[in-house]
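*Asks:* A single structure is presented below for examination.
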Amino acid sequence: MAGNSSLIYQNIIIYRAIMQVLYFGHYNNRFSDVIGLIPSQTKTLLELCFADLKIAQYCKNQNIKWTGYDLNSGFVRRAISHGFEATKTDIRAMDFFPKSDVIVIMGSLYHFHSKIDILFEKMLDSADLIFISEPVLNMAGSDGVLGFMAKKLTSVGNGNESFRFNKSTLTGLLDRLRLTLNFEYKVQKTGKDMLIVIKKI
Ligand SMILES: C[S@@+](CC[C@H](N)C(=O)[O-])C[C@H]1O[C@@H](n2cnc3c(N)ncnc32)[C@H](O)[C@@H]1O
């Protein structure tokens, strides 16, 4: 990772506050939407780019083995201090992900847009079921305070990140990848985030 990550990633309280603004107060609903999809028989769940521990906490309560990867030392330290199995790593540098029943990746796909095929290959090698919650109504391309926050404050250290998906680029990506990587997908919900369920076939 080049440079330093931005303010939003330096403290969970600041992170949640900024995310609440960017999600117009609906930051928490995204997690309950994903949690509602986790099958009751799930034994292992891998969360990529987790930041917060809401999915991890749910897994703990349900006796699901949660593993989390994130680039951010503070988030990983916090997870470990709460007793969770978290690793600080750049998931782009991993050759493969551990086998899991379910993979969750939320609010983070845009970080990998330039190497997205490889990320999907690794996720599908690891799990038959993947939940993606990805913002598709974005302010990162707009001017003004919210545009600044979305673009500048969500940088992980590679400068401003203005790339974001919208509904059609995200479904276009899935339509292209499903043919070569053999999966089916369903758009479960669309709001600020698009919630997608991917099943390997
Ligand atoms: C916008 S936050 C989303 C966090 C959380 N999943 C959510 O939806 O609220 C993006 C997260 O991705 C992590 N991240 C970005 N690039 C990464 C990489 N290459 N490897 C691992 N984690 C990464 C950041 O540290 C941050 O925690």
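The values are calculated or read from the model by the stated rules, or taken from the named source; none is laboratory data. Note that this is a predicted model, so its numbers are computed, not measured. Cβ sites come from the backbone with ideal geometry, for glycine too, and all protein chains shown count toward neighbours. Areas reflect the complete protein model, heavy atoms only, side chains present, ligands, DNA and RNA absent. Shrake-Rupley method; radii C 1.70, N 1.55, O 1.52, S 1.80 Å.
*Asks:* Kindly write out, for segment 99-107 in residue order, the coupling ³J(HN,Hα) from the Karplus curve 6.51 cos²θ - 1.76 cosθ + 1.60 (θ = phi - 60°), rounded to whole Hz, with x marking Gly and Pro.
*Replies:* With coefficients 6.51, -1.76 and 1.60, one gets 4, 8, 6, 9, 10, 10, 9, 10, x Hz.
*Asks:* Checking the a/c ratio against 1.5 first, then a/b against b/c, what shape does the Cα gyration tensor give for segment 1-134?
*Replies:* Rounded.
*Asks:* Here is a follow-up. If you take the square roots of the eigenvalues of the alpha-carbon gyration tensor of segment 13-52 and sort them as a ≥ b ≥ c, do you get rounded (a/c under 1.5), prolate (a/b over b/c) or oblate?
*Replies:* oblate
*Asks:* Would you please name the chymotrypsin sites (Phe, Trp or Tyr not before Pro) within segment 25-116 that are DSSP coil residues with at most 10 other C-beta atoms within 10 Å of their C-beta?
*Replies:* Filter output for segment 25-116: 96.
*Asks:* Counting only protein chains, not ligands or nucleic acids, how are 43, 192 ordered by accessible area (probe 1.4 Å), most first?
*Replies:* 43, 192
*Asks:* Let me ask something else about it. Using the heavy atoms of the protein chains and a 1.4 angstrom probe, tell me the accessible area per residue for segment 1-135 in square angstrom.
*Replies:* Accessible area per residue: 46 Å².
*Asks:* Still on this structure: Under a cut-off of 22 Å between alpha-carbon atoms, report the lysines in cross-link reach of residue 54, not counting same-chain residues fewer than 8 places apart.
*Replies:* Excluding near neighbours in sequence, the set is 43, 65, 88, 99, 189, 192.
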